[in-house]
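A short worksheet on the structure shown next.
The values are calculated or read from the model by the stated rules, or taken from the named source; none is laboratory data. Note that the structure is a prediction, hence the values are computed from the model and not measured. Here the Cβ is made from the backbone with ideal geometry for all residues, glycine too, and neighbour counts use every protein chain on show.
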Ligand SMILES: [Zn+2]
């Protein structure tokens, strides 16, 4: 993802930082160094407060990271793959590639995050009081922020951890996952609206922090809505595989031909949008798409090799033909062509537009069959 700085890997999970985090870290440093520390531990020099503020901001990021790592590790133990953890302005996200398979796994995956934050917060209270002074004040702030983090995340609306806990409980209770999703999506939107309202009241009565509260509410509302529709799409595309929605490529062709010869021999008879090209050893290594061929001026088509306008398959994103089509929503990037592989053999391509068309077809078919549309 662009705008993200990769920090490294923990237990196979990529940890990355969005640039927006730096702005938040700066804000935290300012407010801790400029107000909280001088009030909690008076009598130090300004530079010491700044150092304390920076330490507090870094420790906060580390706390959020530990919370997200908890989600990621428990998810992996429960068969849910986590590709990366991203830290950004509104906290952290452990990006899961699928949903939990049972209410129990969902409960464990969601519950571990707030549990870690709460334990961390409570565990810091005693050392903070023993150490005292400036360092003690930093520890005390860290204790309270971790407890706040735990409590905020336990608010029962999607996509917060509390929303997932509620989802797991409703799912287990009624045995109906879709119904549970509908409820937690509504709850999430309600929580978001509530925070927007609270933020506005806060702002009007003179608290500049109200803007931040409202922004978080606005973000939560959007995320709850997105999660609701994403989970609907997953259900609608149940049983549909990548191979069912991809563009199938014809037999591969040697890459030594000129563009003119390639158009005559393959494009005009086949009329496909993409072709795989083989080198000397007949293994497909490149892909050429119609726009690249059409971009070669007609007076240069005899002297331009098709190889020179093709893209290497190793440069393009890849998915497997047997994967569920709903996984593509997190894997395809807009505007980019993704190569579909059947094991080690490229068999076709897929893009976001095709996936949208497939979804449309599924919806129309279920309409024709007179099925009720899935609840959002
Ligand atoms: Zn969490």
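Of all the criteria given as (1) buried (at least 22 other Cβ atoms within 10 Å of the Cβ); (2) more than 16 Å from the ligand (Cβ to nearest atom), the one not satisfied by residue 146 is (2). The single condition from (1) touching a strand residue (DSSP E or B) at 6+ places or on another chain (Cβ under 7 Å); (2) within 15 Å of the ligand (Cβ to nearest atom); (3) more than 22 Å from residue 140 (Cα to Cα) that residue 16 fails is (2). For the criterion of being touching a residue at least 40 places away in the same chain (Cβ under 8 Å) and either in a helix (DSSP H, G or I) or within 30 Å of residue 337 (Cα to Cα) (or both), residue 216 passes.
Inclusion of residue 223 among residues that are within 16 Å of the ligand (Cβ to nearest atom) and either touching a residue at least 12 places away in the same chain (Cβ under 8 Å) or under 22 Å from residue 111 (Cβ atoms) (or both) is warranted. Applying the criterion of being crowded, with 16+ Cβ neighbours inside 10 Å and touching a strand residue (DSSP E or B) at 6+ places or on another chain (Cβ under 9 Å) to the residues of the range 229-240, the residue that is nearest to residue 158 (Cα to Cα) is 234. Out of curiosity, is residue 155 within 16 Å of the ligand (Cβ to nearest atom), farther than 26 Å from residue 29 by Cβ and surrounded by fewer than 20 Cβ atoms within 10 Å (Cβ to Cβ)? When the stated conditions are applied, residue 155 passes them.
Just to be sure before I move on: is residue 283 in contact (Cβ under 8 Å) with a residue 24 or more places away in the chain and surrounded by fewer than 17 Cβ atoms within 10 Å (Cβ to Cβ) in the structure I sent? Against the criterion (in contact (Cβ under 8 Å) with a residue 24 or more places away in the chain and surrounded by fewer than 17 Cβ atoms within 10 Å (Cβ to Cβ)), residue 283 does not qualify.
Could you please give the count of residues in the range 62-97 that are assigned to a helix (DSSP H, G or I), more than 13 Å from the ligand (Cβ to nearest atom) and more than 12 Å from residue 11 (Cβ to Cβ)? So the count comes out to 1.
In this structure, does residue 276 turn out to be in contact with a strand residue (DSSP E or B) (Cβ under 7 Å, 6 or more places away or on another chain), touching a residue at least 12 places away in the same chain (Cβ under 8 Å) and either surrounded by 17 or more Cβ atoms within 10 Å (Cβ to Cβ) or not assigned by TED's automatic domain parsing to the domain that holds residue 82 (or both)? So residue 276 passes the test.
Taking only pairs six or more apart or across chains, which ones have beta-carbon atoms under 6 Å, a first residue in the range 248-265 that is without any contact (Cβ under 8 Å) to a residue 24 or more places away in the chain, and a second residue that is assigned to a helix (DSSP H, G or I) and surrounded by fewer than 18 Cβ atoms within 10 Å (Cβ to Cβ)? Taking only residues 6 or more apart or on different chains, not a single pair turns up.
At least 1 residues being at pLDDT 90 or above is the threshold, and among the helices (runs of 4 or more DSSP H) wholly inside the range 256-350 those reaching it are 259-262, 290-294.
Here residue 169 meets each of (1) in contact (Cβ under 8 Å) with a residue 24 or more places away in the chain; (2) outside any loop (DSSP other than H, G, I, E, B); (3) closer than 30 Å to residue 297 by Cβ with one exception, condition (3).
Residues considered: 121, 163. Of these, the only one that is outside the structural domain of residue 62 (by TED's automatic domain parsing), touching a helix residue (DSSP H, G or I) at 6+ places or on another chain (Cβ under 6 Å) and within 15 Å of the ligand (Cβ to nearest atom) is 163. Scanning the range 38-62 for residues that are touching a helix residue (DSSP H, G or I) at 6+ places or on another chain (Cβ under 9 Å), within 18 Å of residue 146 (Cα to Cα) and at pLDDT 90 or above returns 52, 53, 54, 55, 56, 57, 58, 59, 60, 61. State yes or no: is residue 79 surrounded by fewer than 16 Cβ atoms within 10 Å (Cβ to Cβ) and free of Cβ contacts under 8 Å to residues at least 24 places away in the same chain? Here the answer is no, as residue 79 does not meet what is asked.
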